[in-house]
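Heads up, the thing below is written out as structure tokens.
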Amino acid sequence: MPGIFISYRREDTGGHAGRLADRLIERFGKEQIFRDLDTIAAGADFVEAIQKAVGECDVLLAIIGKQWLTITDDAGHRRIDNEDDFVRLELAAGLQRKVKVIPVLLQGAAMPQAHDLPADLTPLARRNALCLTDAGWDADVMRLMEAIQPRRRWPRYVLIALGVAALILFSKYMPFRPPPDDATITAAVKTAFSNDSQLRAFPIEVESANGIVRPIGTVPTERDVDRAEDFARSVTGVK
């Protein structure tokens, strides 16, 4: 299973990132999903901690919303321009370590252009992005999971060979049996009626033609009619 690092800004796509993480955990397992490095232990070198966590992953998802590029700090400067910005550090570490980086666009966000990014993040602009929408969330997430770890696809000739083998085994151990004839069906339905404590009390005759059964007689309630029909349908060969 691939290790997956989710890089996002809480102010931008925090809710979507959590929703996506839940789906990825269902598919790949909780131990394979990494996010929220703002809980780095006191005294730890956060640059080393980020590089270590990203380096242990196979895939980095760059979650990009409409404000991802433009969010500013208290001084009014873009956070992405700060060399100590967590998101920048995460992405730079992934790109430097040749981790598979997949930009994931949310909220109708556009892919950042190279000239909008710091120099160490310009390779991100060349990565093919996937879009997640609220309306098509399930299908979009499935496409993303396929991009993270493509499911094994059997070659066509293998599928044909498996199909032939299955057919041979089925014919060997499950020989073809013709459907029962009308006389057999009629007898089976009459037996089903006579074995039921309620239906046996009513004078019901049975006619069958090409597997279609027609009970003939009188029962006191609609519930008894339904009961008789259910018993008749339960007999093998009845259409």
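We did not get these values from a lab; they are worked out from the coordinates using the rules stated. Since the structure is predicted, the reported quantities are computational estimates derived from the model, not experimental observations. All Cβ positions, even for glycine, are placed from backbone atoms using ideal geometry, and neighbour counts span all protein chains on display.
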Highest-fluctuation residue, Q96, Q198, Q149 considered, GNM on the chain with Cα pairs under 10 Å: Q198
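Could you tell me how many cubic angstrom of Cα convex hull volume the chain has per residue? Show your work: numbers first, answer last.
Working: hull volume 62.2 nm³, N = 239.
Taking the convex hull of the Cα positions in the chain, it is 260 Å³ per residue.
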In sequence order, calculated HN-Hα J values of segment 4-21 (Karplus, 6.51, -1.76, 1.60; Hz; x Gly/Pro): 10, 9, 9, 9, 7, 9, 4, 5, 9, 9, x, x, 5, 5, x, 5, 5, 4
Amide H contacts of V101 (H built 1.01 Å from N, under 5 Å, at least 5 apart or other chain): L60
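Rounded, prolate or oblate, given the Cα gyration tensor of segment 1-133, with a/c below 1.5 counting as rounded? If you can, show how the numbers build up before the last one.
On the way: a/c = 1.37, a/b = 1.12, b/c = 1.22.
Because its axes are fairly even, with a/c under 1.5, segment 1-133 counts as rounded.
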Length-normalised contact order for segment 3-68 - Cα pairs under 8 Å, 6+ apart - percent: 60 percent
For the chain, built as a Gaussian network whose Cα springs stay under 10 Å, the top-fluctuating residue of G14, G217, G108: G217
Label zone at K66, where the point sits 7 Å out along the Cα-to-Cβ direction: segment 98-126 residues whose backbone N lies under 17 Å: 105-112
Tilt relative to the chain, helix 137-148 - C-alpha long axis, 0 to 90 degrees, to 10: 70 degrees
Label-to-label distance, nm, for residues given as A49 and R200 (7 Å Cα→Cβ offset): 7.7 nm
Leading residue at positive end of dipole, the chain (Cβ point charges), from C131, L60, T191: T191
On Cα atoms only, tilt of 46-55 relative to the major axis of the chain in degrees: 40 degrees
Segment 174-231 versus segment 1-69: alpha-carbon centroid distance in Å: 63 Å
Simple label model, 7 Å out from Cα along Cβ direction - D181 to T122, nm: 8.6 nm
Degrees between helix 222-233 axis and first principal axis of the chain (Cα, 0 to 90, nearest 10): 80 degrees
